[in-house]
Amino acid sequence: MAGEELSKSIINYELRITNYEKQRQLRITIYELREQLLGMCYNGSSLGKAEVNYKLLITNYEVRVVRIMKKDNVLREKSYAFALRVIKTYQYLCDDKKEFVLSKQLLRSGTSIGANVEEAIGAQSEKDFFAKLTIAYKEARETHYWLRLLTDSGYVPKERSNSLLKDCDELLKISGAIQRTIRSRNSKSVSS
């Protein structure tokens, strides 16, 4: 059933043609290349009815297919919401607890997660995407540390920190899963 739905779907691709001085961007719909590109990018996994966006880059006769990360994705939304919560926690720590050093560390690392996810969305290559996502993961690890430290030292109430730690763990799981998928896909393409 899923295979039938997939065969009826049409996938949008962005075609960029670079020819020395001229550069044009075209949006086209390609039906004939669907199975080949899906096989390259997903190794035969079922996608259901969803349309998938890809960037097909043709530069000096070199062709590469790169999956475009959607602008409205779960990691982007969750990291943004998390950054807002970190900012409120920072304001609480400064105004109510008069704590300025550790709270600034929390603010920097907690808001950096979303900033690096945004940079990953705008990455120019899969390598660049992976690098930015790795930085976001590391910032989430650091934020997790500062939250635990602020909680154990009594600056942040347990109820508030448990919720923040849960959200931080979720960001770690999502970004970690994306990293593992990319590593796995790259190791399979190298061995093929």
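The values are calculated or read from the model by the stated rules, or taken from the named source; none is laboratory data. Because the structure is predicted, anything quoted here is derived from the model rather than measured. In this analysis, Cβ positions are derived from the backbone assuming ideal geometry, glycine residues included, and neighbour counts consider all displayed protein chains.
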- Task: Please go through region 152-171 and pick out each residue that is part of a helix (DSSP H, G or I) and crowded, with 18+ Cβ neighbours inside 10 Å.
- Result: Ser161, Leu164, Asp167, Cys168, Leu171
- Tell me, yes or no, whether region 125-143 has at least one residue that is closer than 16 Å to Asn73 by Cβ and among the basic types (Lys, Arg). yes
- Task: State whether one or more residues within region 98-111 are of a type in the set (Asp, Glu) and not in a helix (DSSP H, G or I).
- Result: yes
- Message: Can you find, within region 126-170, the residue that is nearest to Arg85 (Cα to Cα) among those that are touching a Cys at 6+ places or on another chain (Cβ under 7 Å) and hydrophobic (A, V, I, L, M, F, W, C)?
- Response: Leu147
- Among the numbered conditions (1) over 19 Å from Glu142 (Cα atoms); (2) at pLDDT 95 or above, tell me where Ile68 comes up short. (2)
- Message: Being at pLDDT 95 or above, assigned to a helix (DSSP H, G or I) and surrounded by 16 or more Cβ atoms within 10 Å (Cβ to Cβ) is the requirement here; does Leu84 meet it?
- Response: no
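Tell me, please, whether a residue that is modelled with pLDDT of 95 or more, charged (D, E, K, R) and in a helix (DSSP H, G or I) can be found in region 185-192. Steps first, answer last, please.
Initial filter on region 185-192 (modelled with pLDDT of 95 or more): none.
No, the conditions are met nowhere in region 185-192.
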